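This report refers to the structure that appears directly beneath it.
The values are calculated or read from the model by the stated rules, or taken from the named source; none is laboratory data. As the structure is a prediction and not an experimental result, all values here were calculated from the model. Neighbour counts are summed over all protein chains in view; Cβ atoms, including those assigned to glycine, are modelled from backbone coordinates with ideal geometry. The protein model used for the area step is the full one, side chains on, heavy atoms only, and it has no ligands, DNA or RNA in it. Shrake-Rupley method; radii C 1.70, N 1.55, O 1.52, S 1.80 Å.
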Amino acid sequence: TQAQIGVTGLAVMGRNLARNLARNGFTVAVHNRTAARTDALVAEFGEEGDFVATRTAKEFVAALERPRRLVVMVKAGEPTDAVIDEFAPLLEPGDMIIDGGNAHFADTRRRERLLRERDLHFVGTGISGGEEGALHGPSIMPGGSAESYAVLGPILERIAAKAEDGTPCVSHVGPDGAGHFVKMVHNGIEYADMQLIGEAYQLLRDVAGYTPGRISDIFRTWNTGRLDSYLIEITAEVLAHVDEYTGKPFVDVVADAAEQKGTGRWTVQTALDLGVPVSGIAEAVFARSLSGHVPLREASRSLEGPTPRALSEEEAAAFADRVEQALYASKIMSYTQGFHEITAGAEEYGWGIDPGAVAALWRGGCIIRAAFLDRIRAAYDTRPDLPSLLSDATFAREVADAQDDWREVMVAATRQGVPAPGFAAALAYYDALRAERLPAALVQGQRDFFGAHTYRRTDREGSFHTLWGGDRSEVEA
Ligand code: 6PG
């Protein structure tokens, strides 16, 4: 029998994806550089469905029905190029290579172009949801040609997570690198969500004076409301966990230096290139990097801070409610920034991405899955040309209702000396967008003063320069 799809690269993500495909009734050819992994997969999970174990690249390609659908699940970067170099010569026009790794969208664009010249489809595909998602239903973000999606889509729709309304969490995001671009922004938003949740935790701990156990209960309660999401749910689990060796809260024995594999950083680097202000996502990346500068932090530990003030039980409870408001409003800001980046990327690269469809496929399976995303989808469905999430009346109203508490939380954080860069950046973003006038006018004046960089006026068309070194009269530039 010929396999309908093949997976090469059988580390945990590849293995689970292959099992998901087999469990859904597809015949799956499997291949790995070292054959032991292939054998282990078939020995352990062979009963779950139809696997075709193959040993060589040639055997693997021969096992696939045409047009061939070949899923690559190797480490992003050079290993992906190596696999492409190995398999592409064995393929025939119309076959497709599906890259399910966390590739940079620029690499995906390059690879797509190269393979297109050989009449092969290269489908850079974002896959979110970790190991569990790969096995039970991930959120899938395929790029590549519409033609390839017509052949591949039905398979992906079977193995993807299903949103609450039963819709599969997959759709054709756009051509070439669009899928990996959207996955990158997903991860940037993931970083921001995690940072904001982290700040909420720290404030509940250091300002409200709550224990991790109590904070876990608070997150559990929040998870029944508008913050209902996977990340809030697992936060409650992590905070409730007790270390088996010391009996201390788990969160107190883990080294507080956050690591990163780079997708959050890419989101910010790309945003800088596109000129999109993703300050909340950037703060999340910077917060991780600051946490990792251990010697710098140790050298700074003696720096003075404010004298903390203990809250009464009643004040603490009121404060906790405020933190929920601050977290929710800040979350709206990071999604606003993330969707802005998607829209800007789509415009820059001519992808024609539908932001509502992106929100829809993030509703289930992925790390940022949340009830909230269905409302983002609804906002874009109502108005596909929505300039910003904050232009949606419902989101704008919710932020307006949250803002007093949000500001109070920032006051408390500042007064008590608890760093909350994500909350602060989000609030500054909100206030900057709202502002009638920004100090950018003064910056323009400074630029014109020292470099004759010129400025525009509010009352007349044209570019102007003031003769700062002379009689300070204005000339048209
Ligand atoms: C997902 C995740 C995943 C990512 C991890 C680790 O959507 O399933 O985003 O792709 O690799 O979250 O990312 P960092 O190591 O950068 O935190």
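Within segment 217-241, track down each residue that is in a helix (DSSP H, G or I) and open to solvent by 40 Å² or more (accessible area, probe 1.4 Å).
The answer is ASP217, ARG220, THR221, TYR230, GLU233, ILE234, GLU237, VAL238, ALA240.
With ALA379, ALA393 as the choices, which residue is open to solvent by 40 Å² or more (accessible area, probe 1.4 Å), under 17 Å from TYR328 (Cβ atoms) and within 25 Å of the chain's Cα centre (by Cα)?
When all the criteria are applied, what remains is ALA393.
Yes or no: GLU298 within 16 Å of the ligand (Cβ to nearest atom), exposed (fewer than 11 other Cβ atoms within 10 Å of the Cβ), charged (D, E, K, R) and without any contact (Cβ under 8 Å) to a residue 60 or more places away in the chain? Spell out the reasoning first.
On the way: within 16 Å of the ligand (Cβ to nearest atom): no; exposed (fewer than 11 other Cβ atoms within 10 Å of the Cβ): yes; charged (D, E, K, R): yes; without any contact (Cβ under 8 Å) to a residue 60 or more places away in the chain: yes.
So GLU298 fails the test.
So which residues in segment 86-108 are crowded, with 20+ Cβ neighbours inside 10 Å and either touching a Pro at 6+ places or on another chain (Cβ under 8 Å) or assigned to a helix (DSSP H, G or I) (or both)?
Matches in segment 86-108: PHE87, ASP95, MET96, ILE98, PHE105, THR108.
Just to verify a result, which residue in segment 111-155, among those that are within 16 Å of the ligand (Cβ to nearest atom), open to solvent by 10 Å² or more (accessible area, probe 1.4 Å) and part of a helix (DSSP H, G or I), is nearest to PHE45 (Cα to Cα)?
Filtering segment 111-155 for residues that are within 16 Å of the ligand (Cβ to nearest atom), open to solvent by 10 Å² or more (accessible area, probe 1.4 Å) and part of a helix (DSSP H, G or I), the one nearest to PHE45 (Cα to Cα) comes out as LEU135.
Which of the residues that make up segment 72-82 are part of a helix (DSSP H, G or I) and either open to solvent by 20 Å² or more (accessible area, probe 1.4 Å) or at pLDDT below 95 (or both)?
Across segment 72-82, the qualifying residues are GLU78, PRO79, ASP81, ALA82.
Taking segment 377-418 only, how many residues are free of Cβ contacts under 8 Å to residues at least 40 places away in the same chain and part of a loop (DSSP other than H, G, I, E, B)?
Going through segment 377-418 one residue at a time, the tally reaches 6.
Exactly one of (1) buried (at least 23 other Cβ atoms within 10 Å of the Cβ); (2) more than 11 Å from VAL7 (Cα to Cα); (3) of a type in the set (S, T, N, Q) is unmet by THR56. Its number?
(1)
Enumerate the pairs (first residue in segment 184-205 and under 17 Å from ALA258 (Cα atoms); second residue anywhere and within 14 Å of the ligand (Cβ to nearest atom) and outside any helix (DSSP H, G or I)) with beta-carbon separation below 6 Å, excluding pairs fewer than 6 apart on the same chain, so at least 6 apart or on different chains.
ILE189/ILE368; GLU190/ILE367; GLU190/ILE368; ASP193/ILE368
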